[in-house]
1. Mind giving me the nanometre distance, one decimal, between the label points for LEU2 and THR83, set 7 Å out from Cα along Cα→Cβ?
2. Among DSSP beta bridges whose residues both lie in the chain, state the antiparallel percentage, nearest 5.
3. Counting other Cβ atoms within 10 Å, keep those with at most 14, restrict to DSSP loop, and tell me which trypsin sites (Lys or Arg not before Pro) in segment 1-64 are left.
4. Where Lys and Arg each count +1 and Asp and Glu each count -1, what net charge lies around ALA9 among other residues with Cβ under 13 Å from its Cβ?
5. Put +1 on the Cβ of every Lys and Arg and -1 on every Asp and Glu Cβ in the chain; which of ALA64, VAL105, ASN6 then has its Cα farthest towards the positive end of the dipole?
6. Report the normalised scattering of segment 1-117 as log10 I(q)/I(0) at q = 0.10, 0.15, 0.21 Å⁻¹, calculated by the Debye formula with identical scatterers on the alpha carbons.
7. Pull out the extension gain between GLU35 and ASP60, defined as 0.36 nm times the separation in residues minus the alpha carbon to alpha carbon distance; nm, one decimal.
8. What residues have an amide H closer than 5 Å to that of ILE3, excluding those fewer than 5 places away on the same chain, when H is modeled at 1.01 Å from N in the peptide plane?
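Each reported figure results from applying straightforward, stated rules to the coordinates on display, with no laboratory input. These figures come from a predicted structure and were not determined experimentally. Methodologically, a virtual Cβ is constructed for each residue, glycine included, from the backbone with ideal geometry; neighbour enumeration extends over all protein chains shown.
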Amino acid sequence: FLIKENHIAACGGIQAAIAQARKLASDLPVEVEVETFEELDQALAAGADIVMLDNFAIEDLHVAVEINGGRATLEASGNVDDTTLRAIADTGVDCISSGALTKDVKSIDLSMRITQTFNV
């Protein structure tokens, strides 16, 4: 389960959203997107398996890793590109996601030509 801000709002908070996700699919890991240290604390207290730190500054990622203390997998997301990747990795987060991998990709002219027929 990936719980984002609209899910949190609809459920009435992070704890309620995680509880609902566990009720619906107890065998799946629960990931919660957070934007503040307060939300991080709530996600950890509610037992999130993965916490996505959305648009945290480099300094704040260091702090989040300390707060977490190994309780959950931490994913850094937002403002990730080739100029920030090393600094983000050096904070100690467990994984990094980046929309830059797909949003700025240039298309190529590609075609496929079938040259043989098959009897099916």
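1. Calculated label separation equals 2.6 nm.
2. Working: 0 of 14 bridges.
Counting DSSP beta bridges with both partners in the chain, the antiparallel share is about 0 percent.
3. On the way: sites: LYS4, ARG22, LYS23; in loops: LYS4.
The qualifying sites are LYS4.
4. Working: positive: LYS4; negative: GLU5, GLU33, GLU35, GLU39.
Overall, the nearby charge balance is -3.
5. Of the options given, the answer is VAL105.
6. For segment 1-117 at q = 0.10, 0.15, 0.21 Å⁻¹, log10 I(q)/I(0) is -0.38, -0.68, -1.11.
7. Details: separation 25, 0.36 × 25 = 9.00 nm, distance 1.06 nm.
Roughly 7.9 nm would be gained on extension.
8. Counting only residues 5 or more places away or on other chains, the set is GLU31, VAL32, GLU33.
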